[in-house]
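Trainee: Questions regarding the structure given below will be posed in turn.
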Amino acid sequence: MDIATFQAYGYFFFTAFLVAVLYGYIYHLYSAQKKGTRDYEKYGNIALHDDITDQPIEEISKTDEIKK
Amino acid sequence: MENRPLEYDYTVAKWFMLSTIVLGIVGMLVGVILAWEMAFPAVNTIAGEGLAEYTNFSRLRPLHTDAVIFGFTLSGIFSTWYYIGQRVLKVSMAESKFLMFLGKLHFALYLLVVVAVVGSLLLGITTSKEYAEFEWPIDIAVVVVWVTWGMGIFGLIGIRREKSLYISIWYYIATFLGIAMLYLFNNMEIPTYFASGGIGAWYHSVSMYSGTNDALVQWWYGHNAVAFGFTVPIVAMIYYFLPKESGQAVYSYKLSLLAFWGLMFVYLWAGGHHLLFSTVPDWMQTMGSVFSVVLILPSWGSAINMLLTMKGEWQQVAASPLIKFMVLASTFYMFSTLEGPIQAIKSVNALAHFTDWIVGHVHDGTLGWVGFMIMAALFHMAPRIFKREIYSKSLMGTQFWIQTLGVVLYFTSMWIAGITQGMMWRAHDEFGNLAYSFIDTVAVLQPYFTIRAVGGTLYLVGMFLFAYNMYKTMTSSRRVEESELQNASPMGA
């Protein structure tokens, strides 16, 4: 197999892999929302409640601070 | 020390707001002069034969494109970043002296680059690569400006209170990374003076790539400069400003994430459509074509998400000229992201390539989508930054209709001109002799060039109305309280 053929196969399978990842991500988004493991829609409120005195939608917790 | 409540600091946003307006007027004014030069060639020497060197089409053209791309649009992107970034991360620039210094340095360096670019282009100093005309010393300065911005972005993210990054932030990060990668690779160049041991001008350079490779890198850059300059950051703006102004959270946050990754995945492969029927490998042309068509999906994902955000709230479109700007911007985004893929289909491209239809396509995207969205963003920010209401709602409405008419005249004339041009170029008699010479097409197209110039002039008139409205908003409009600034922007009659 010459290098060009190898590149072509590589390119094709890499693209197919990325497509699978993208579809996997779609599945993850909607199933996580449905199962209630994560509510993605609440993040839309970040734009609406954006005064500096507003409570963050998801605050950086103390444990996050410690991890840093 | 005075104990004042913490507030967002919009100093840098305000400065970039001013440069957006000034450079927008400069870039569009040059564009209008060019349009009249196309329609009436005598305009090329309007300032006299002696100054013809500076006023002719080829000298001014890069000044137009670079002023609207790297002047107007980029300033708008920076201005909105320094506004949106603080708000959705819930952290003020005033909280970090270092970030504030970086922001101010960013603006100062940016202005220096603007001066260098305008000067060098007017003097005819250029690398001759479209949208990448700057010579190597300016390229290095651009990289410094960009890195300064990047440090500001990640610095602000680093001290945020809001854990999740709002979708707009993702788009700004993509803008930063995308342009950084594209700019570096396309501007790889060899300073000829140093490489040759002292021949020619010290600032001159040639591309490191040659022939087909140069074309490929150039259009990978050129097309993705549209992606990461005209699409990604403008989507960042609409994802923030439309929900905020209308008081409606984005229709589907999941769709916004999905459209983001879809756009990132697909856009980078589509640049090959600029080289259809050229000397690049056929498979690459096909790939450019296919990815361009697929690009409709993530583009429409965002645009439909925006229109659905207005679901049940369409009375706001009638009531607020600011919402009108954004909804029309979103509609033009859908329109130009459908038109682009159509033009990238090989059989369509065989007719459209090199014609004015392409110019029309670029302008319905830039005038209708980019221009409208940036102006809407500035209108929304102004009352919050200056604590004054928008000076005149009716002036805003007038501007909207004048500019919309301008855009429609622009793209319809270019459609007709482009398709006529394409048909005439390929027409031949039964023996295969071409039916028309080039000048035959020019004579037929002249009326459409005039209509285009009228359209462009209308858009520029709207730009002056915008500048006046913003000036009055900054200086003499009614002062407003914080409580009036929650959602819909306060506007005077």
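Trainee: Test of understanding: express the Cα radius of gyration of the protein assembly as shown as a ratio to 2.2 N^0.38 Å, with N the residue count.
Mentor: The reported ratio for this selection is 0.99.
Trainee: Ok, one more. Fewest to most neighbouring Cβ within 10 Å: what's the order for B:R388, B:R478, B:R4?
Mentor: Fewest to most other Cβ atoms nearby, the residues stand as B:R4, B:R478, B:R388.
Trainee: How crowded by other chains is B:151-164, given as the mean number of beta carbons from other chains within 10 Å of each beta carbon?
Mentor: Average neighbour count from other chains, rounded to a whole number: 3.
Trainee: So, one more: Would you mind computing the Rg to Rh ratio of region B:95-137 from its alpha-carbon coordinates, Kirkwood style for Rh?
Mentor: 1.19
Trainee: At R0 = 56 Å, how high is the FRET efficiency between B:L165 and B:T55 if r is their beta carbon distance? Nearest 0.05 is fine.
Mentor: 0.75
Trainee: Ordered by residue, what ³J(HN,Hα) values in Hz, to whole numbers, does region B:434-439 give under the Karplus form 6.51 cos²θ - 1.76 cosθ + 1.60, where θ = phi - 60° and Gly and Pro are x?
Mentor: 4, 7, 10, 8, 4, 5
Trainee: Just to confirm my numbers, what's the Cα centroid distance between region B:189-212 and region B:365-379 in Å?
Mentor: A separation of 38 Å, based on Cα centres.
Trainee: Can you compute the label reach from B:F354? Point 7 Å from Cα along the Cβ direction, backbone N cut-off under 17 Å, restricted to region B:427-444.
Mentor: Only B:427-428, B:433-443 fall inside the zone, counting backbone N under 17 Å.
Trainee: Let me ask you something else. Once amide H atoms are placed 1.01 Å from N in the peptide plane, what residues at a sequence separation of 5 or more from B:I390, or on another chain, have their amide H within under 5 Å of its amide H?
Mentor: Amide H to amide H, under 5 Å and 5 or more residues apart or across chains, B:I390 pairs with B:M491, B:G492.
Trainee: Same structure again: Kindly provide log₁₀ I(q)/I(0) values, in the same order as q = 0.09, 0.10, 0.13, 0.15 Å⁻¹, from the Debye equation applied to equal alpha-carbon scatterers of region B:1-117.
Mentor: Log10 I(q)/I(0), no solvent term: -0.37, -0.43, -0.61, -0.72.
Trainee: If I stretch the segment between B:T45 and B:L405 completely, what's the gain in nm (0.36 nm per residue apart, minus their alpha carbon distance), one decimal?
Mentor: 126.7 nm
Trainee: Taking the beta-carbon count within 10 Å as an exposure proxy, list B:V217, B:V480 from fewest neighbours to most.
Mentor: B:V480, B:V217
Trainee: Dividing the convex hull volume of the alpha carbon atoms of region B:11-478 by its residue count, what do you get in Å³ per residue?
Mentor: Dividing the Cα hull volume of region B:11-478 by its residue count gives 162 Å³.
Trainee: What list of ³J(HN,Hα) values in whole Hz, one per residue of region B:82-94 in order, does the Karplus curve 6.51 cos²θ - 1.76 cosθ + 1.60 (θ = phi - 60°) give from phi, with Gly and Pro shown as x?
Mentor: 5, 9, 5, x, 4, 5, 7, 8, 6, 8, 9, 4, 5
Trainee: Using a ≥ b ≥ c from the Cα gyration tensor of region A:3-54 (square roots of the eigenvalues), is it rounded, prolate or oblate, where a/c under 1.5 gives rounded and otherwise the larger of a/b and b/c decides, a/b for prolate?
Mentor: Cα axes put region A:3-54 in the oblate bin.
Trainee: Hey, what angle do you get for helix B:253-267 against the long axis of chain B, alpha-carbon based, 0 to 90 degrees rounded to 10?
Mentor: Result, in degrees: 30.
Trainee: Helix B:211-225 against the longest principal axis of chain B: what's the angle in degrees, Cα atoms only, rounded to the nearest 10?
Mentor: Approximately 30 degrees, to the nearest 10.
Trainee: Still on this model: Gain in length, B:V115 to B:D429, computed as 0.36 nm per residue apart minus the alpha-carbon separation, to one decimal in nm?
Mentor: Separation in residues times 0.36 nm, less the Cα-Cα distance, equals 107.8 nm.
Trainee: Oh, and also: I'd like the distance between the alpha-carbon centres of region B:64-112 and region B:17-38, rounded to an integer number of Å.
Mentor: Centre-to-centre (Cα) distance: 21 Å.
Trainee: Turning to a different aspect of this structure: Which value, to two decimals, describes the C-alpha radius of gyration of region B:182-252 once divided by 2.2 N^0.38 Å?
Mentor: Taking the Cα Rg and dividing by 2.2 N^0.38 Å, one obtains 1.81.
Trainee: Separate question: If amide hydrogens are placed 1.01 Å from N in the peptide plane, which non-local residues have theirs closer than 5 Å to the one on B:S320?
Mentor: Under 5 Å from the amide H of B:S320: no residue qualifies.
Trainee: Continuing with the same structure: To the nearest 0.05, how large is the calculated FRET efficiency for A:L18 and A:N45 if R₀ is 30 Å and r is the Cβ-Cβ distance?
Mentor: So, using R0 = 30 Å, E works out to roughly 0.45.
Trainee: Dimensions of region B:373-439 along principal axes (Cα, Å, largest first)?
Mentor: Here the Cα extents, ordered largest to smallest, are 72, 19, 15 Å.
Trainee: In degrees, nearest 10, range 0 to 90: what is the angle between the Cα axis of helix A:3-35 and the longest Cα principal axis of chain A?
Mentor: 30 degrees
Trainee: While we're here: According to a simple spin-label model (label point 7 Å from Cα along Cα-to-Cβ), what is the distance in nm between A:I60 and B:R478?
Mentor: It is 4.0 nm.
Trainee: A 20 angstrom limit on the alpha carbon distance is what I want to check against. Which of B:K244/B:K387; B:K244/B:K311; A:K42/B:K324 exceed it?
Mentor: The pairs that break the limit, which is 20 Å between Cα atoms, are A:K42/B:K324.
Trainee: Using only the Cα atoms of region B:149-270, build the gyration tensor, take square roots of its eigenvalues as a ≥ b ≥ c, and label the shape rounded, prolate or oblate: rounded if a/c is under 1.5, else prolate if a/b is larger than b/c, else oblate.
Mentor: Cα axes put region B:149-270 in the prolate bin.
Trainee: Would you mind checking which residues have amide H under 5 Å from B:V206's amide H? H placed 1.01 Å from N; only 5 or more apart, or other chain.
Mentor: B:I190, B:T192
Trainee: Kindly write out, for region B:147-162 in residue order, the coupling ³J(HN,Hα) from the Karplus curve 6.51 cos²θ - 1.76 cosθ + 1.60 (θ = phi - 60°), rounded to whole Hz, with x marking Gly and Pro.
Mentor: Karplus values, whole Hz, x for Gly and Pro: 5, 4, 4, x, 4, x, 4, 6, x, 5, 4, x, 10, 5, 9, 7.
Trainee: Could you work out the helix-only [θ] at 222 nm for the protein assembly as shown, with each DSSP H run of four or more residues adding -39,500 (n - 2.57) and the total divided by the number of residues, to the nearest 500 deg cm²/dmol?
Mentor: -22500 deg cm²/dmol
Each value in this text was obtained by applying a stated rule to the coordinates, not by laboratory testing. Keep in mind that this is a model prediction, so the values were computed, not measured. Methodologically, a virtual Cβ is constructed for each residue, glycine included, from the backbone with ideal geometry; neighbour enumeration extends over all protein chains shown.
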